[in-house]
Amino acid sequence: MQHNLIYKYFKKSKAYAQAIGLEKSNLVGAKIFLDFLICMWRYGFLPQDYFVIGNGYTLSKYEKQRFFSTKRSDWVQRQLNNPNYVHCLKNKAEALKIREDLVCRNWLYPREASLEKFVAFVAETPTLIAKPVNGSCGHGMEKHNLKNTLPDYLSKLYNHFVESDMLLEECLSAHDDIYLGTTALSTFRIFTLIDRDGNVNILKAKYRVGTGNSITDTDDGCVAYPISIKYGVIEGPGINEELNSKLYYYHPGCNKLMVGLKIPLWDKVLETITKAALRIP
């Protein structure tokens, strides 16, 4: 198992060498692989940090020392998050209950609802997204259009959602100003920190946009664009959140210029985020 993992990372090193314009050879791949192992041991880099987010081989020693790696991020979260509430961050249904008045879409947790409630939910929300309640990164998501569906099939589907521990949510459409022609709903990821005085600080924001025919914006083609917190505009090119060192000034698929794109209702977004952050200390 360990040998397979090492081989996987070595192959990734060779592919990464080609992606950043170096010759694709075993020697170059071995140098990058060795540098990755050193960064993992010294600075807590994970493969995502080194090969995707940080472009590890291009960083100086000083930049590597200062890089906010996933392991460092996890350490900070363990220090700051109230342990009595951490389960709410990992369970989508619990997170929705705590912020129910801030959520502007229909949702249902089948494990806590009867078949009759499920049928009523489908009648009101025939097109829905089903998500594993403890899942992440879009894995295991399903999209269903249940208009004019027979009762027997609805009963089977209800049992499937209960057994698979799925959360059901209404499908939403993007605002016209930021719609990019994708089948997945593009989303904002916004990072917050509550300080000792109880103030919510917004640290970072990005716009995650899907590509192709995916139903989730976290698939291989996902591109993340940085957002200016102060002005609510995309302030730089995006990166593919899988192995791809290319910078995207235009969104792939629709060729819309993304840098400078204004996010509508940004003040309302920040207001809602501030309220939501205070619900989980």
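Consider the stretch 60-113 and keep the residues that are within 30 Å of residue 50 (Cβ to Cβ) and in contact with a Phe, Trp or Tyr (Cβ under 7 Å, 6 or more places away or on another chain). The one that is surrounded by the fewest Cβ atoms within 10 Å (Cβ to Cβ) is 65. Looking only at residues of the stretch 55-99 that are in a loop (DSSP other than H, G, I, E, B) and of a type in the set (S, T, N, Q), we find that the one that is farthest from the chain's Cα centre (by Cα) is 60. Taking the criterion of being at pLDDT 85 or above and of a type outside the set (Gly, Ala, Ser), the residues of the stretch 85-100 that qualify are 91, 92, 94, 96, 97, 98, 99, 100.
Which of the residues that make up the stretch 82-94 are within 23 Å of residue 138 (Cβ to Cβ) and touching a residue at least 24 places away in the same chain (Cβ under 8 Å)?
88, 89, 90, 91, 92, 93
Scanning the stretch 135-160 for residues that are charged (D, E, K, R) and assigned to a helix (DSSP H, G or I) yields a count of 2. Might you let me know whether the stretch 161-178 holds any residue that is part of a loop (DSSP other than H, G, I, E, B), over 24 Å from residue 210 (Cβ atoms) and at pLDDT below 90? Checked against the condition, which is being part of a loop (DSSP other than H, G, I, E, B), over 24 Å from residue 210 (Cβ atoms) and at pLDDT below 90, the stretch 161-178 yields no hits at all.
Being touching a Lys or Arg at 6+ places or on another chain (Cβ under 7 Å), in contact (Cβ under 8 Å) with a residue 24 or more places away in the chain and assigned to a helix (DSSP H, G or I) is the filter here; which residues of the stretch 26-54 pass it? Answer for the stretch 26-54, where residues must be touching a Lys or Arg at 6+ places or on another chain (Cβ under 7 Å), in contact (Cβ under 8 Å) with a residue 24 or more places away in the chain and assigned to a helix (DSSP H, G or I): 39, 43, 47, 51. Remark: residue 180 falls outside the filter, which requires a residue to be of a type in the set (A, V, I, L, M, F, W, C), more than 17 Å from the chain's Cα centre (by Cα) and outside the structural domain of residue 265 (by TED's automatic domain parsing).
Could you please find all residues in the stretch 186-217 being over 21 Å from residue 236 (Cα atoms) and in contact with an Asp or Glu (Cβ under 9 Å, 6 or more places away or on another chain)?
Answer for the stretch 186-217, where residues must be over 21 Å from residue 236 (Cα atoms) and in contact with an Asp or Glu (Cβ under 9 Å, 6 or more places away or on another chain): 201, 212, 214, 215.
Of the candidates 94, 63, the single residue that is of a type in the set (Asp, Glu) and over 30 Å from residue 123 (Cβ atoms) is 63.
Residue 223 satisfies every condition listed in (1) modelled with pLDDT of 90 or more; (2) among the β-branched types (Val, Ile, Thr); (3) touching a Phe, Trp or Tyr at 6+ places or on another chain (Cβ under 9 Å) except (1). Answer yes if at least one residue in the stretch 189-197 is outside the structural domain of residue 109 (by TED's automatic domain parsing), assigned to a loop (DSSP other than H, G, I, E, B) and touching a residue at least 60 places away in the same chain (Cβ under 8 Å), and no otherwise. Looking for residues that are outside the structural domain of residue 109 (by TED's automatic domain parsing), assigned to a loop (DSSP other than H, G, I, E, B) and touching a residue at least 60 places away in the same chain (Cβ under 8 Å), one finds none in the stretch 189-197, hence no.
The values are calculated or read from the model by the stated rules, or taken from the named source; none is laboratory data. All values derive from a computational prediction rather than experimental measurement. Neighbour counts are summed over all protein chains in view; Cβ atoms, including those assigned to glycine, are modelled from backbone coordinates with ideal geometry.
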